[in-house]
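Down below is the structure, laid out as structure tokens.
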Amino acid sequence: MILVGIGANVPGPWGSPSQTIERALAMLGRDGVQLIAVSPLITTAPFGRLNQPDFVNGVARIETHLPPAALMRRLHAIEREAGRRRAVRWGPRTLDLDLLDYHGLVHHADRSGAGRTLILPHPEIAERRFVLEPIAAVAPEWRHPVSRQSAAEMLRRLG
């Protein structure tokens, strides 16, 4: 199972955050990527930088033969097309696509410091209600590859 987090909180060239997410999902589900399911979209308060609009968040469950690095490049290309600029950490964004889990693969970042590195599963899944709630909706049988906890179990731990 492959899970991709989706979020947006400011309008971009594709319209409102919800419109942007809809178009991003359509683009994602092409050329060797199959959309299996998409969670309901939820509105959540911003994380990190609080002085910005609320986010629209969800999770897509997909299948593909693309390897993780190629899938990440695809996600980043869709973000760029949607007007995403990586200027401020946790800042406003027209689109955010995060590879959350790729068939349970555990991949740690290398320490070379060369560019952005892929870490799997996404290192902050367990602390983010706005990721766990959509995962629980779209993939209730999913278990975190390291802790072996379900999204529902992690949500209960968050309280």
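The values are calculated or read from the model by the stated rules, or taken from the named source; none is laboratory data. Please read these numbers as outputs of a predicted model, since none were measured by experiment. Glycine also receives a Cβ, built like all others from the backbone with ideal geometry; neighbour counts cover every protein chain displayed.
The figures follow:
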item	result
Pairs, first at positive phi in segment 6-18, second buried (at least 20 other Cβ atoms within 10 Å of the Cβ), C-beta under 7 Å, six or more apart	none
Count of segment 116-142 residues which are crowded, with 16+ Cβ neighbours inside 10 Å, of a type in the set (D, E, K, R) and either touching a Phe, Trp or Tyr at 6+ places or on another chain (Cβ under 8 Å) or closer than 22 Å to PRO68 by Cα (or both)	1
Which numbered condition ALA69 misses (of (1) among the aliphatic types (A, V, I, L, M); (2) under 23 Å from TRP142 (Cβ atoms); (3) out of contact with any Gly (no Cβ under 8 Å at 6 or more places or on another chain); (4) at pLDDT 95 or above)	(4)
When residues of segment 79-91 are limited to those that are surrounded by 14 or more Cβ atoms within 10 Å (Cβ to Cβ) and out of contact with any Phe, Trp or Tyr (no Cβ under 9 Å at 6 or more places or on another chain), the one modelled with the highest pLDDT	GLU79
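Conditions tested, residue by residue: (1) closer than 13 Å to ASP96 by Cα; (2) free of Cβ contacts under 8 Å to residues at least 12 places away in the same chain; (3) part of a strand (DSSP E or B).
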position: LEU25; (1), (2), (3): yes, no, no
position: ASN51; (1), (2), (3): no, yes, no
position: ASN57; (1), (2), (3): yes, no, yes
position: GLU63; (1), (2), (3): no, no, yes
position: LEU66; (1), (2), (3): no, no, no
position: LEU71; (1), (2), (3): no, no, no
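One line per residue, one yes/no per condition, for (1) more than 12 Å from the chain's Cα centre (by Cα); (2) in a helix (DSSP H, G or I); (3) at pLDDT 95 or above; (4) not polar (S, T, N, Q):
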| site | (1), (2), (3), (4) |
| --- | --- |
| ILE6 | no, no, yes, yes |
| SER18 | yes, yes, yes, no |
| GLN34 | yes, no, yes, no |
| PHE47 | yes, no, no, yes |
